[in-house]
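Reading through the structure tokens given below for one structure.
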Amino acid sequence: MEQENESISAKSLLDYETFSSSYNIKKKQITQARNWFPLYSSKELAEIAAALITDGHIDWNDYDGNPRTKKVVLYSNYKNECQWFLDQIKRVFHVKGQIIRYRSKTGFSKSDSYKAIAYCAPLARVLIKIGVPCGDKTQKPYLVPDWIMNANREINRVAR
């Protein structure tokens with residue numbers, strides 16, 4: 001198993017040069033994002049991806065017709081689930097987030113729900129670059145990223 005983990009993590013999912021050359025990163029974000037690389041697959045990263053695929057989304061602004069990533073959001077009826085998500089984001093990317101209580105205007109819920117939000121455009125961009133689907137997942141087909149599906153059992157189990 002240890003050898004399997006080493007072979008999986010030997011190849012990075014994304015390096016800083018590839019990331020920074022694919023998008024115009026602001027100077028204040030360079031220092032923060034540079035510390036994330038090289039980015040390797042891990043159980044925690046797979047859990048972040050799975051949470052966003054199932055109950056979250058990657059959000060962006062579209063002020064001038066050019067979409068720009070903005071934040072990652074997880075929705076839940078349980079505050080502790082939102083806290084878990086933010087803890088994973090903090091552990092992997094050293095980005096803080098916040099939990100907001102809200103009342104959904106859609107559906108049948110009559111009680112408050114929660115959303116965990118990490119306002120970090122580079123984080124949203126990194127997640128898209130490693131295959132986490134963005135946009136309205138109810139309106140288009142998507143796949144679980146290959147790095148999860150083809151990973152060792154610990155990581156692959158997250159997708160099941």
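The values are calculated or read from the model by the stated rules, or taken from the named source; none is laboratory data. All values reported here derive from a predicted model rather than from experimental measurement. For the accessible areas, the whole protein counts, side chains as well, though only heavy atoms, and no ligand, DNA or RNA atoms are used. Shrake-Rupley method; radii C 1.70, N 1.55, O 1.52, S 1.80 Å.
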| Taking region 66-131, how many lysine pairs are there with alpha carbons less than 25 Å apart, if each pair must be eight or more places apart or span two chains? | 23
| request: Could you point to the label whose value was computed as P(r) over Cα pairs in 10 Å bins from 0, in percent for the structure here, given [x] 10, 37, 37, 14, 2; [y] 10, 40, 40, 9, 0; [z] 9, 33, 30, 17, 8, 3, 0? | output: [x]
| query | For LEU13, what accessible area in Å² do you get when you roll a 1.4 Å probe over the heavy atoms of the protein chains, rounding to the nearest 10? | reply | 50 Å²
| Using only helices, what value at 222 nm comes out for the chain when you add -39,500 (n - 2.57) per DSSP H run of length 4 or more and divide by the total residues, to the nearest 500 deg cm²/dmol? | -11500 deg cm²/dmol
| request: Report, to two decimal places, the Cα Rg of region 18-77 normalised by 2.2 N^0.38 Å (N = number of residues). | output: 1.32
| field | Residue-span extension gain [TYR78 to THR138] - 0.36 nm each, minus C-alpha spacing | value | 19.4 nm
| query | Quick one: ranking VAL144, VAL126 by accessible area, 1.4 Å probe, largest first, what do you get? | reply | VAL144, VAL126
